[in-house]
Amino acid sequence: RYLRDLDGNRDEIQTAVCAQREWQHALHSDPQGLGAIIGGPRMWERGRADADFLEVRLGTGVQHAPDSVLSVTWPDISSDEELEPVTGQALRDFILEQRKIRDIAKVVNLRSAPGFSFVGDDLDRLRSLMRSVLCSLAVFHNPHDVKLMVVTRNPDMWSWMVWLPHNLHDELFDACGWRRLVFATPEELEEALGAELHLKGKRGAWTPPVAASPTAMGSALETGQGKDASDLGPHLVIVDDNTGSPDAWESVVGQVGKAGITVLRIASRVGTGVGFADDQVFEMRERHGAPKVSVNGQQRAPRNGSDPDDDDNRPPPQLRFRGKFFGHADQLPLHRAYRYARAMARWSPTSRSDAGDSATGATELLRALGIGDPRALDVDRLWAERRGRGDERWCEIPVGAKPNGELQNIILRAKDFGGFGFHSVVIGTSGSGKSEFFLSLVYGIALTHSPEAFNVIFVDMKFESAAQDILGIPHVVAALSNLGKDERHLAERMRRVIDGEIKQRYELFTSVGARDANDYEEIRLAGRDLPAVPVLLVIVDEYLELFANHEKWINLIIHIGQEGRGANVFFMLGGQRLDLSSLQKVKSNIAFRIALRAESGDDSREVIGSDAAYHLPSKENGFALLKVGPRDLEPFRCFYLSAPFVVPKTARVATTVDMTLTKPRLYNWQYQPLDAGDA
């Protein structure tokens with residue numbers, strides 16, 4: 001019995017661990033998955049004020065799971081305490097193992113030190129890790145915020161970098177365009193970038209941020225706000241490819257480093273200077289005796305961030321930090337780094353201020369639906385794919401974005417037809433973004449379905465502005481808010497209207513010989529002149545408060561849960577916690593659940609069977625977890641539609657100018673001087 005109880009606890013803990021691991025991998029993508037992010041809404045998503053600015057993944061490994069993540073109270077067992085042998089050893093093994101999260105992304109924040117060094121015998125493997133680091137930085141950071149450069153005796157090995165917009169100087173240029181930031185010596189770097197390196201004495205010595213530690217990683221879900229003490233221009237990340245003397249590097253970055261500069265050093269042994277302190281050195285070692293896995297019928301070693309088609313079949317090397325195992329190092333082959341860099345070459349650097357509202361979820365929604373200016377909507381095009389039940393995307397509603405940048409849709413169709421089901425609950429504590437989710441849902445409906453196809457009734461017990469925001473949408477047939485005891489007549493009137501609508505629909509179906517909405521729609525599509533019966537979604541936020549003040553609504557929700565599917569009437573209940581004690585008759589009819597940040601682990605488990613919602617980011621709202629039946633949790637972030645509207649900039653009309661073509665030149669890392677023909 002005791003061992004069975006441990007098994008139950010293990011399942012609960014592993015559910016939370018899996019959610020933690022998925023979030024960490026979503027935030028810090030495997031280097032092989034970076035290509036899917038390039039050009040999407042997540043590219044260059046991290047700004048200087050973001051907590052994950054300059055965070056970069058080094059590999060995968062084991063992380064200690066804080067008790068706050070697992071919501072488990074561990075028993076205090078003395079080392080000399082005698083326990084029953086079988087259960088006692090099982091408990092000790094359980095505690096030792098379940099405190100760990102294996103195969104989780106291991107991350108370092110480059111702001112936590114003036115530099116880091118990666119030391120090992122195989123410099124090619126170190127360069128492969130550095131390619132992964134640089135590509136991750138380039139994919140997630142704007143070139144206006146981060147510049148990437150390298151000092152090397154082997155520039156051909158780093159020629160892929162010249163395609164990155166982060167490797168281009170903002171002012172210096174040559175015959176090939178903006179100057180590429182690949183240098184042969186530290187002296188050459190200082191000669192070219194002396195103004196940026198020193199800022200006329202304004203760039204002071206590096207100082208540690210508050211509570212910084214290169215390997216201290218709390219919850220992978222936790223984010224926050226950070227801000228640089230002063231604006232020193234883009235952060236400079238300089239790679240030292242085992243080049244130059246300590247004196248030459250001291251002239252560049254000083255003895256303790258400089259503010260706004262991070263040095264990443266590749267070396268065969270530990271040296272002196274910035275990046276070689278005890279808490280800045282990562283040692284790379286090869287793994288021996290690693291297990292083989294089958295790839296296309298051949299036995300090959302497991303890999304970590306490496307390409308299955310690469311010739312190097314060795315397993316990923318180990319990284320050690322302060323003498324202890326840190327993780328299995330990511331590896332990125334040269335050809336894939338070229339592919340990523342060339343893919344990013346077509347994108348010009350755009351600062352967040354220039355992008356206007358590009359960081360808002362509203363822009364993601366408009367871009368995904370092909371809406372250039374929301375003031376001039378082409379509703380015929382927008383509604384064309386979801387006109388009726390026979391359309392493939394019928395009742396598919398965009399509500400947010402997944403971690404990989406794809407749209408997160410709510411699909412109100414039967415599971416047999418690829419949907420989630422019909423009735424649902426949405427739970428989130430105050431400030432979690434629940435109201436923004438409902439706005440995302442209603443506007444997602446309005447932008448993808450016609451009013452003849454989809455209607456909404458919105459009842460909100462507290463948030464009056466939400467009801468006012470959506471009241472003008474033609475799909476919203478009613479929106480009520482703040483229904484206290486003084487407004488019982490309004491709540492009762494709405495209840496009777498919904499109840500009467502269900503009854504009227506069934507009478508309509510019976511009059512034409514149909515059993516339910518499905519039969520009715522088939523008859524209508526067969527050619528009979530019948531009115532459309534739209535989907536009616538009844539959204540009730542703070543439903544527990546509504547039930548407390550208007551008890552008859554309980555029977556209405558039960559009625560919708562039992563009879564609503566056949567009439568195309570569904571409910572979505574929102575609240576700060578889930579309590580279905582009064583809705584036991586329709587509990588089994590709830591097809592999917594959405595949890596934003598929960599107030600406690602118990603509240604989270606009540607909704608999605610895991611405390612993962614309790615550990616969603618507390619300093620940013622809109623993060624959510626979707627649970628559809630027995631499927632795994634699906635993380636997403638709802639759109640932020642309350643952001644101020646920014647009028648799209650009018651594209652400038654191109655004009656023809658006279659120009660003289662110069663002779664073609666090879667675009668590479670080398671400086672190409674201008675000649676007389678370029679003047």
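The values are calculated or read from the model by the stated rules, or taken from the named source; none is laboratory data. Fair warning: this is a prediction, and the values are worked out from it, not measured in the lab. Note: ideal-geometry Cβ built from the backbone for every residue, glycine included; neighbour counts use all protein chains shown.
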Review point. Of everything in region 383-412 that's touching a residue at least 60 places away in the same chain (Cβ under 8 Å) and touching a His at 6+ places or on another chain (Cβ under 9 Å), which residue is surrounded by the most Cβ atoms within 10 Å (Cβ to Cβ)?
Key: C395
Check your understanding: Looking at this structure, is A337 at pLDDT 70 or above, surrounded by 15 or more Cβ atoms within 10 Å (Cβ to Cβ), at negative phi and not in a loop (DSSP other than H, G, I, E, B)?
Key -> yes
Exercise for review: Of the numbered conditions (1) farther than 25 Å from Q14 by Cα; (2) modelled with pLDDT of 90 or more, L580 fails exactly one; give the number of that condition.
Suggested key: (2)
Revision key, fill the gap. Only unsatisfied item for G564, checking (1) closer than 26 Å to T429 by Cβ; (2) surrounded by 22 or more Cβ atoms within 10 Å (Cβ to Cβ), is (1)
Review point. What residue, among those in region 241-285 that are in contact with a helix residue (DSSP H, G or I) (Cβ under 8 Å, 6 or more places away or on another chain) and among the charged types (D, E, K, R), is nearest to L129 (Cα to Cα)?
Key: D241
Check your understanding: Which pairs do you get when a residue that is assigned by TED's automatic domain parsing to the domain that holds P333 and closer than 23 Å to Y338 by Cα, found in region 22-50, comes within reach of a residue that is modelled with pLDDT of 85 or more and surrounded by fewer than 20 Cβ atoms within 10 Å (Cβ to Cβ), reach meaning Cβ atoms under 6 angstrom, with the pair 6+ apart or on two chains?
Key -> I37/M43; I38/A343; R46/D52
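Return the residues of region 128-156 that are aliphatic (A, V, I, L, M) and under 21 Å from V252 (Cβ atoms); say none if nothing qualifies.
M130, V133, L134, L137, V146, L148, M149, V150, V151
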Check your understanding: Of the residues V252, V237, which single one is surrounded by 15 or more Cβ atoms within 10 Å (Cβ to Cβ), in contact with a Ser or Thr (Cβ under 6 Å, 6 or more places away or on another chain), at pLDDT 90 or above and among the β-branched types (V, I, T)?
Key -> V237
Practice item. Test R367 against the stated conditions and say whether it is more than 30 Å from E171 (Cα to Cα), modelled with pLDDT of 70 or more and out of contact with any His (no Cβ under 6 Å at 6 or more places or on another chain). Key: yes
Check your understanding: What number of residues within region 255-284 are part of a loop (DSSP other than H, G, I, E, B) and at negative phi?
Key -> 11
Check your understanding: Which condition breaks for P644 when tested against (1) assigned by TED's automatic domain parsing to the domain that holds R496; (2) out of contact with any helix residue (DSSP H, G or I) (no Cβ under 8 Å at 6 or more places or on another chain); (3) surrounded by fewer than 23 Cβ atoms within 10 Å (Cβ to Cβ)?
Key -> (1)
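Search region 125-135 for residues being of a type outside the set (D, E, K, R) and within 25 Å of the chain's Cα centre (by Cα), and hand back the single one that is surrounded by the fewest Cβ atoms within 10 Å (Cβ to Cβ).
So the first thing to find is which residues in region 125-135 are of a type outside the set (D, E, K, R), and the list is 126, 128-130, 132-135.
Pick out the ones that are also within 25 Å of the chain's Cα centre (by Cα) and you get 129-130, 132-135.
Working: L129: 26, M130: 22, S132: 28, V133: 24, L134: 27, C135: 27.
Going through the qualifying residues, I end up with M130.
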Exercise for review: Identify, from the list L483, L537, the residue that is at negative phi, modelled with pLDDT of 95 or more and either surrounded by fewer than 20 Cβ atoms within 10 Å (Cβ to Cβ) or not hydroxyl-bearing (S, T, Y) (or both).
Suggested key: L537
Point to revise | Out of M572, M494, sole residue that is in contact with a Ser or Thr (Cβ under 6 Å, 6 or more places away or on another chain) and in the same structural domain as H423 (by TED's automatic domain parsing) | key: M572
Practice item. Quick one: in region 136-164, of everything that is assigned to a helix (DSSP H, G or I) and β-branched (V, I, T), which residue is surrounded by the fewest Cβ atoms within 10 Å (Cβ to Cβ)? Key: V162
Review point. Is one or more of the residues making up region 373-380 at pLDDT 85 or above, within 24 Å of P534 (Cβ to Cβ) and surrounded by 17 or more Cβ atoms within 10 Å (Cβ to Cβ)?
Key: no
